[in-house]
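What follows is a single structure, written as structure tokens, with notes after it.
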Amino acid sequence: MLALIPLLPFAGFLVNAFFGKRLPKSVSGGLATLVMVASFAIAAMQVLALMGMAPENRQINQTLFTWITAGDFTLDLALRLDALSAVMILVITGIGSLIHLYSTSYMHEETDSEFARYFSYLNLFCFFMLMLVLGANVLVMFVGWEGVGLCSYLLIGYYYEKKSASDAAKKAFIVNRVGDFAFILGALLMVVTFNSLDFVTVALAVKEMPVEVTFGTLSLITLLLFIGATGKSAQIPLYTWLPDAMEGPTPVSALIHAATMVTAGVYMIGRNALLFEHAPITMQIVAIVGAATALFAGTIGLVQNDIKRVLAYSTVSQLGYMFLAMGMGAFGAGIFHLYTHAFFKACLFLGSGAVIHALHGEQDIRKMGGLKKHIPITYWTFLIASVAIAGVPLLSGFFSKDEILFETFLHGHQFLWGIGVLTSLLTATYMFRLVHLTFHGEERFNTAAAPGAHAAHGAAGTHGQIPDGEESAAAAAHHAQHTVHSAHPVHDGHGHGKPHDAPWPMATALIVLAIGSIAAGWINIPHALGGHANLTAWLEPAFNATNCGQPVTTGALAGIAIEDCLPGEGGEAADHTSLELTLMAVSSLVAFAGIGLATFLWLKNKQIPERMAQQYSGIHTLLMNKYYVDEVYDATIVQPIKVVSTEGLWRGFDVKIVDGAVNGAGYLVSGVSIVLRLLQNGSVKTYAASMFAGVVAVLAYYLWR
Amino acid sequence: MPIGHYLVLSGLLFAIGTAGVFLRKNLITLLLSIEIMLNAVNLAFVAFGRQLGTNDGQIITFFVMTVAAAEAAVGLALVIALFRHRESLNPEAFTSLKW
């Protein structure tokens, strides 16, 4: 039964991959969506069954077959549903279904075969993602881990005829390889250390071990796994692929690069919670990297002009939050944020997709504005999600973000808490900058090219580079040939081609996700606000190998306090109610301050940001160019590798040494032959003479020796 | 009769054959010279066999004669083929099989 959850999307993939060309769009898209909905239904049933069990043995196992047997090491292809993977499969299949539904409308201008290709990739992605979260051991997880990487590559490069898209796909794949290599090393070290890859076996073995105060094997394993997570989950230093990944179709950005795949690293840490808890050094690194990424990406997000790129940096930043929580040992808070983030970020991405759809491929927020009255459904859902991510009280983002900040403060990391609050301010600011520039203010978009360009929006919909005026004018001129409307294509006002709001499949997905953005947090209302922290309590056994009774020794490393049991329990939270309430008030104020700041700067006094950009042009250029990280990587890693490869390995080693050895052997033989072949002169008598001389020589040797 | 006489005669015949191989310019004569060399060796074999009181020398002589017959057959066939090809029996005319 458990296996059906991933296998249904896989079946959808097979059908669309092999017969998609011949299927009409309604069938291929409908089938892909249907398998996801069915998968969601089964997942929900399984989770309900799980809820019926006693908390300490909430586990559903299914072993499909024995995969590897080598000596005393065996490995099964096994699936396991527990409290943690339950949250994940509901997010994946639930939000996945909505995004499939949305895609049937968003991608409707593709040809039949391209449409089916898109949905087959999307189904395949869901299959691998479900394998990742349901895998009962590291290797099954790794299969999913690599599989989602593949699908991410395929979908980023979906418009593969566009150079920027195929480049971005390659970049994502290669950057992920770096992390995956570390992940493999970590898994191998796990085999060597524990002789098992099963999460529960490892967790139980770790439980008996002391916390590693100095850097040792456990720290190394966790550090390697975390490097893998930085690749998949776009953390410093391997985050650079995610903003470029926006070249893919927008629903893909929503599903893969916001809601599911990029959270795999967070999930992986949660899955190995006990292991990480025993390696405080790694935990500290995780927390610092997470906080640094959150702030770093937030500052970049503040100045970007591409609607999807702002959201991409926002995703990187929010993932940083999750890692901060994980590094604090607040696994429940991290997963909670993962879960709420999936709703509002998917909603934001889908909303941005609806905006791009309405504007026929325009992604530059400087060319938007005033869309509120044209596309109300998109506007309201986008606004709700923005409010949620900004951390306005009682929406989902508020609860999860606050829990992370509270845990950070509670563990005595005031500095990291400060970074978190600052990032929270940035989040609210850049999100409302986006809202204001896109939906409020004067209309800056150009509807002239609209009627003709409509047909092209699918392909143009993911321009990573902001198309300049010339390009759109050229496009408009091009379409003028086909369209009576575009007699004088540029600057002819709003007479026709008005932005149209999302059609029903897109609107449905947006509305459901917006409701989720509001309400998703309510399942984990903290005790301080009179709630029961249900999600944290639900997740707890999963992080402790089903048993919370046995205390984990407190981490002795300075500043790292690892709690006996996972946080959020009744007794402990009660002790800190006033602190928690204070912190909540602070972050609520920060959220409103951010929104107010954004409104002041980008709605009321638009000249101020421009003047600031000029006044601090150094900082502005630095941020616009994303701290030149790509350039630095290019100069320090890519170019040296290229130089070493071309000059050293190719022109040096291959041409001179490898080819030299092969050609040298040839030259040697032919050189010697030039001399030796003179002996073969064709004269029988010479041959006879040499034979005779040879016989005489041999005889002489034996006679006179 | 001492064995030395036989061996001297054998050596002389062998030297005559060798000289023929190197000095004559006719392929058929060359083959004849080789026959003389083979028979010189045969004579030595028989002489040694008699000296040692065994039949080995005579037996191996039969082998040599058999091989010589085969060699003569193949050799003459080749000579005829070569002659048809070049209208010459001079071994110096057949030097195209070289580098």
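Coordinate-derived values only; no laboratory data. Note that the structure is predicted; figures quoted are calculated from it, not measured. Neighbour counts are summed over all protein chains in view; Cβ atoms, including those assigned to glycine, are modelled from backbone coordinates with ideal geometry.
To the nearest 0.05, what FRET efficiency results for A:F592 and A:K163 with a Förster distance of 41 Å applied to their C-beta separation? Provide the component values of the computation, followed by the final result.
Values: r = 44 Å, r/R0 = 1.06.
Given R0 = 41 Å and the Cβ-Cβ separation, E is 0.40.
Starting with the highest mean, order A:69-79, A:114-124 by the number of other Cβ atoms within 10 Å, averaged over the residues of each peptide. Don't jump to the answer; show the numbers that get you there.
Numbers: A:69-79: 14.2, A:114-124: 25.7.
Ranking the peptides A:69-79, A:114-124 by packing returns A:114-124, A:69-79.
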For A:K171, list the aspartates and glutamates whose Cα falls under 18 Å from its own Cα; do not include residues on the same chain fewer than 8 positions away. A:E146, A:E161, A:D180, A:D244, A:E247, A:D630, A:E631, A:D634
If each of B:A73 and B:K98 carries a label point 7 Å out from its Cα toward its Cβ, how far apart are those two points in nm? 3.4
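Other chains near B:87-96: what is the mean number of their Cβ atoms within 10 Å of each residue's Cβ?
Values: counts 0, 0, 0, 0, 6, 4, 0, 3, 6, 1.
Averaged over the peptide's residues, the number is 2.
Could you work out, residue by residue across A:328-337, how many beta carbons of other chains sit within 10 Å of that residue's beta carbon, and then give the average as an integer? If you can, show how the numbers build up before the last one.
Values: counts 0, 0, 0, 0, 0, 0, 0, 0, 0, 0.
Average per residue, whole number: 0.
I need to check one value: relative contact order of chain A, counting alpha carbon pairs closer than 8 Å and at least 6 residues apart, in percent. Don't skip to the end; give the middle numbers.
On the way: 1219 pairs, mean separation 91.2, N = 705.
Over chain A, the number comes to 13 percent.
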Lysines with Cα under 20 Å of A:K685, excluding same-chain neighbours fewer than 8 positions away: B:K25, B:K98
Along the range A:116-127, Karplus-curve 3J(HN,Hα) (6.51, -1.76, 1.60; θ = phi - 60°) to the nearest Hz, with x for Gly and Pro, reads 5, 4, 4, 6, 5, 4, 5, 5, 4, 4, 4, 4
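Can you tell me which of A:140-149, A:389-398 comes out highest on packing, and rank the rest after it, using the mean Cβ neighbours within 10 Å?
Values: A:140-149: 22.2, A:389-398: 24.3.
The peptides rank, most packed first, as A:389-398, A:140-149.
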Identify all aspartates and glutamates with a Cα-Cα distance to A:K498 below 16 Å; exclude those on the same chain that are fewer than 8 residues away in sequence. A:E362, A:E442, A:E443
Inter-label distance, nm, simple model (7 Å from Cα along the C-beta direction), A:Y667/A:V655: 1.5
Computed over chain A: longest principal axis from alpha-carbon atoms vs helix A:684-704 long axis, angle to nearest 10 degrees, is 80
What's the angle, to the nearest 10 degrees (0 to 90), between helix A:504-519's Cα axis and the longest principal axis of chain A? 70
Cα-Cα over 24 Å: which of A:K25/A:K372; A:K163/A:K606; A:K232/A:K345; A:K25/A:K308? A:K25/A:K372; A:K163/A:K606; A:K25/A:K308
For the range A:252-267, just list the computed ³J(HN,Hα) in residue order, Karplus coefficients 6.51, -1.76 and 1.60, θ = phi - 60°, integers in Hz, with x standing in for Gly and Pro. 5, 4, 5, 6, 7, 9, 9, 8, 10, 4, 5, 8, 4, x, 5, 4
Rounded to 10°, Cα long-axis angle of helix A:280-301 versus longest principal axis of chain A: 70
Treating only the Cβ atoms of Lys and Arg (+1) and Asp and Glu (-1) as charged, compute the dipole magnitude of the protein assembly as shown about its Cα centre; round to the nearest 20 debye. 2500
Relative contact order [Cα under 8 Å, 6+ residues apart], the range B:36-99, whole percent: 19
Amide H contacts of A:L64 (H built 1.01 Å from N, under 5 Å, at least 5 apart or other chain): A:L77, A:A78, A:L79
